[in-house]
Amino acid sequence: KRLVLIGPPGSGKGTQSPIIKDEYCLCHLATGDMLRAAVAAKTPLGVKAKEAMDNGQLVSDDLVVGIIDEAIKKPSCQKGFILDGFPRTVVQAQKLDEMLEKQGSKIDKVLNFAIDDAILEERITGRWIHPSSGRTYHTKFAPPKIPGVDDVTGEPLIQRKDDTAAVLKSRLEAFHKQTEPVVDYYSKKGVVADLQAEKPPKEVTADVQKVLS
Ligand code: ADP
Ligand code: ADP
Ligand code: ADP
C-alpha cells in the first residue's frame with residue numbers, strides 16, 4: 001500500500017503511523033522527522049530548513065521533494081510506504097505523482113485526519129516524544145509511567161521546540177492555506193478517506209483498519 005496521511009499538527013498522524021506501518025509492513029516516511037534530523041546534524045539541508053521550521057512555516061518544496069524522491073526509491077520502501085507530513089502543498093503532490101508515475105505506481109489512499117483547531121493546542125503543548133522510536137506521549141492523554149522517560153527503553157523523552165502555542169498558530173495557518181488544498185487535489189482522484197481524528201486513539205486505529213481492509 002502507498003498511503004498519504006494529511007492532518008494539522010497534533011491530529012494524530014505520528015501516533016497512528018507506527019501501528020499502520022507494523023500491520024502492513026510499510027516504511028514510514030515523515031518529512032518532519034527527516035528535517036529535524038538534518039537540522040540536528042547541521043547538514044546543508046538542515047541549515048536551509050531551520051529558520052522556516054522554527055517559525056512554523058513550510059520549508060521550500062524543492063528541499064522536501066528532494067528528500068522524498070530519494071527515500072521512496074529505497075529497497076525497504078518498494079512494498080509500500082506511509083507518507084506522514086508530505087505532500088503539504090499542491091506542487092509537492094504533483095511532483096509526487098510524477099515520481100510515482102515513473103515507477104509505474106500511484107497513491108492508493110489518502111487518510112484525512114479531520115479535527116477542530118480548538119483541540120490542537122492542548123494536544124501539541126502536552127506532547128512528549130521518544131525520538132528514536134517515534135513513540136508519542138501526552139502529559140494528560142497518554143502519560144509515560146515515569147514523567148519524561150520512555151516506558152519501553154527508559155530513555156529520555158523530548159519536547160519539540162516548535163510545540164508552543166505561538167508557533168502552532170503559524171503552523172495552523174500554513175495548514176489551512178497550503179495543505180488543505182492538497183485534500184481537494186486527492187478528492188478529485190477519489191482516494192480520500194476522512195477520519196474523525198478527535199476520537200480516542202484506539203477508535204481512530206479501528207477506523208483506519210476499516211478503511212484499509
Ligand atoms: P506536525 O507534527 O506539526 O505535523 P511535522 O513534524 O510534520 O509537524 O513538521 C514540522 C515542520 O517541518 C513543519 O512545520 C515544516 O516547517 C517542516 N515540514 C515538514 N514536512 C514538510 C513538507 N512536506 N513541506 C514543507 N515543510 C515541511
Ligand atoms: P501529529 O503527528 O499529527 O502532529 P501526534 O500523533 O504526535 O500528532 O499527536 C499529538 C499529541 O496528541 C501527542 O502527544 C499524542 O500522544 C496525542 N494524541 C494523538 N492522538 C490522540 C487522540 N486520538 N486523542 C488524544 N490525544 C492524542
Ligand atoms: P490500555 O491500558 O487499555 O491498553 P493504553 O495504555 O494504550 O490502553 O491507553 C490508555 C488510554 O490512553 C486509552 O484511553 C487510550 O485511548 C489513551 N492513549 C493511548 N495512547 C495514546 C496516545 N498516544 N495519545 C493519547 N492518548 C492515548
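The values are calculated or read from the model by the stated rules, or taken from the named source; none is laboratory data. It should be emphasised that the depicted structure is a prediction, and the values quoted were computed from it without experimental measurement. Because the Cβ atoms are built from the backbone with ideal geometry, glycine has one as well, and the counts that use them run over all protein chains shown. For accessibility, only protein heavy atoms count, side chains too; no ligands or nucleic acids. Shrake-Rupley method; radii C 1.70, N 1.55, O 1.52, S 1.80 Å.
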field: Over segment 32-113, relative contact order from alpha-carbon pairs under 8 Å, at least 6 apart, %
entry: 17 percent
field: Solvent exposure of segment 75-209 as accessible area per residue, Å², 1.4 Å probe
entry: 55 Å²
- request: Estimate the FRET efficiency between K202 and V47 by the formula 1/(1 + (r/R0)^6), using the beta-carbon distance for r and 45 Å for R0, to the nearest 0.05.
  value: 0.65
query: Just A40, A197, A49 to compare: in a GNM of the chain, with alpha carbon springs under 10 Å, which one fluctuates most?
result: A40
statement: In deg cm²/dmol, rounded to the nearest 500, the helical mean residue ellipticity at 222 nm of the chain, built from -39500 (n - 2.57) for every DSSP H run of length 4 or more, is -13000 deg cm²/dmol
- prompt: Taking a 21 Å limit on the Cα-Cα distance, which of the listed pairs K74/K95; K21/K202; K1/K95; K169/K189; K50/K169; K177/K210 fall beyond it?
  reply: K169/K189; K177/K210
field: Mean Cα-pair separation over length for the chain, i.e. relative contact order, pairs under 8 Å, 6 or more apart, %
entry: 30 percent
- line: Taking only the Cα positions of the chain, the convex hull volume per residue in Å³ is 122 Å³
All aspartates and glutamates inside 13 Å of K106 as judged from Cα atoms, apart from same-chain residues fewer than 8 positions distant: D97, E98
query: How would you order 142-153, 76-87 from highest to lowest mean count of nearby Cβ atoms within 10 Å?
result: 76-87, 142-153
Cβ charges +1 (Lys, Arg) and -1 (Asp, Glu), total dipole of the chain, debye: 400 debye
